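*Asks:* The structure follows.
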Amino acid sequence: MLGRPLSTRQQGLVDHRLPGLSVPLPEAGRLKPSGLFGGCPPVWFEIGFGGAEHLIEQARRHPRTGFIGCEPFLEGVAKALTGIEDHCLRNVRLHPGDARDLLEALAPESLSRAFILFPEPWPKKRHHKRRIVQPDFLRALHSALKPGAPVRFATDVMSYADEALAKFTAHGGFEWLAESADDWRKPPADHVTTRYESKRLGDCAPVFFEFRTRSTAPSLIVT
């Protein structure tokens, strides 16, 4: 998707660096993402990385972990490429498109962690069906994650927080780890605050839901 015009440097990175860093969708079979990084490192998956601050900082902190970031907006992809270049990162790959397409192509139990941070909230009720946290998405996410893998969902829109928690819980394959209100009201210790989050554009303070994938697939998926 197009946004604001890219700078000369950003356009150059998109033209020359993005092709080599893009995750290829397999024509047949399933993709084992660890192979993108050489060896078999754990692979973390960020869905909708926006300005890429979180993606780049996590990759800097964890150089032995592979990172796949998905973002449909070209401006965000260009910012990720700038961060990769500025920090000489070799452990980041990008999918400049819909994360759902890539999730469906990944081998089962091939991801070690996932982040869904401040996704498009589609605040009007008639648009809620466009929100990414839907039963089919959760099915694909659960399939791609290893048993026991952590998943972090964050939003600053109250209706989305309520809806996402209900759908994660209804799926049956994700265990909510909160034991007290502070567990979802306070940012996790390893969270990286993004520019979008700092703007406080939502209708509530940010909430952070930490889940862990159950070792067995759910017996029932509620839609």
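*Asks:* Please enumerate the residues belonging to the stretch 188-201 that are closer than 15 Å to GLY48 by Cβ and crowded, with 16+ Cβ neighbours inside 10 Å.
*Replies:* Scanning the stretch 188-201 gives VAL192, THR194, TYR196, GLU197.
*Asks:* Right, next: Inside the stretch 160-187, can you point out the residues that are surrounded by fewer than 17 Cβ atoms within 10 Å (Cβ to Cβ), over 19 Å from the mean Cα position of the chain (by Cα) and in contact (Cβ under 8 Å) with a residue 24 or more places away in the chain?
*Replies:* Passing the criteria: ALA170, ALA178, ASP183.
*Asks:* Something else: Provide a single number: the residues in the stretch 8-66 that are among the aromatic types (Phe, Trp, Tyr) and either surrounded by fewer than 19 Cβ atoms within 10 Å (Cβ to Cβ) or in contact with a Gly (Cβ under 6 Å, 6 or more places away or on another chain) (or both).
*Replies:* Summing the residues that are among the aromatic types (Phe, Trp, Tyr) and either surrounded by fewer than 19 Cβ atoms within 10 Å (Cβ to Cβ) or in contact with a Gly (Cβ under 6 Å, 6 or more places away or on another chain) (or both) in the stretch 8-66 gives 2.
*Asks:* Across the stretch 77-99, what is the number of residues that are surrounded by 16 or more Cβ atoms within 10 Å (Cβ to Cβ) and either touching a residue at least 40 places away in the same chain (Cβ under 8 Å) or in contact with a His (Cβ under 9 Å, 6 or more places away or on another chain) (or both)?
*Replies:* 13
*Asks:* Please pick out the residue among PHE168, PHE153, PHE211 that is hydrophobic (A, V, I, L, M, F, W, C), closer than 17 Å to ALA99 by Cβ and in a helix (DSSP H, G or I).
*Replies:* Selected residue: PHE168, the only one of PHE168, PHE153, PHE211 that is hydrophobic (A, V, I, L, M, F, W, C), closer than 17 Å to ALA99 by Cβ and in a helix (DSSP H, G or I).
*Asks:* Another question, then. Select from the stretch 106-143 the residues that are buried (at least 16 other Cβ atoms within 10 Å of the Cβ), within 22 Å of HIS62 (Cα to Cα) and of a type in the set (D, E, K, R) and list them in ascending order.
*Replies:* Once the filter is applied, which keeps residues that are buried (at least 16 other Cβ atoms within 10 Å of the Cβ), within 22 Å of HIS62 (Cα to Cα) and of a type in the set (D, E, K, R), the stretch 106-143 yields only ARG113.
*Asks:* A follow-up question, please. Could you tell me whether GLY35 is part of a helix (DSSP H, G or I) and either in contact with a Ser or Thr (Cβ under 9 Å, 6 or more places away or on another chain) or over 24 Å from GLY12 (Cβ atoms) (or both)?
*Replies:* yes
*Asks:* Identify all residues within the stretch 59-74 that are touching a Pro at 6+ places or on another chain (Cβ under 9 Å) and assigned to a loop (DSSP other than H, G, I, E, B); write none if there are none.
*Replies:* HIS62, ARG64, THR65, GLU71, PRO72, PHE73, listed by residue number.
*Asks:* Are there any pairs, at least 6 apart or on different chains, whose C-beta atoms fall under 6 Å, with the first in the stretch 130-150 and on the phi < 0 side of the Ramachandran plot and the second acidic (Asp, Glu), and if so, which?
*Replies:* Between residues of the stretch 130-150 that are on the phi < 0 side of the Ramachandran plot and residues that are acidic (Asp, Glu), the close pairs are ALA140/GLU104; LYS146/GLU109.
*Asks:* Next up: Please verify whether ILE56 is in a helix (DSSP H, G or I), hydrophobic (A, V, I, L, M, F, W, C), closer than 24 Å to GLU120 by Cβ and within 20 Å of the chain's Cα centre (by Cα), treating the condition exactly as stated.
*Replies:* Against the criterion (in a helix (DSSP H, G or I), hydrophobic (A, V, I, L, M, F, W, C), closer than 24 Å to GLU120 by Cβ and within 20 Å of the chain's Cα centre (by Cα)), ILE56 qualifies.
*Asks:* Looking at the stretch 85-127, which of its residues are charged (D, E, K, R) and either at positive phi or touching a Pro at 6+ places or on another chain (Cβ under 7 Å) (or both)?
*Replies:* Matches in the stretch 85-127: ASP98, GLU109, ARG113.
*Asks:* So which residues in the stretch 189-200 are over 18 Å from ILE56 (Cβ atoms) and either at pLDDT 95 or above or touching a helix residue (DSSP H, G or I) at 6+ places or on another chain (Cβ under 8 Å) (or both)?
*Replies:* Within the stretch 189-200, just ALA189 meets the criteria.
*Asks:* Looking at LEU138, LEU103, LEU94, which one is farther than 22 Å from VAL207 by Cβ, in a helix (DSSP H, G or I), at pLDDT 95 or above and within 13 Å of the chain's Cα centre (by Cα)?
*Replies:* LEU103
The values are calculated or read from the model by the stated rules, or taken from the named source; none is laboratory data. Not measured: the values here are computed from a predicted model. Virtual Cβ from ideal backbone geometry, glycine too; neighbours counted across all protein chains shown.
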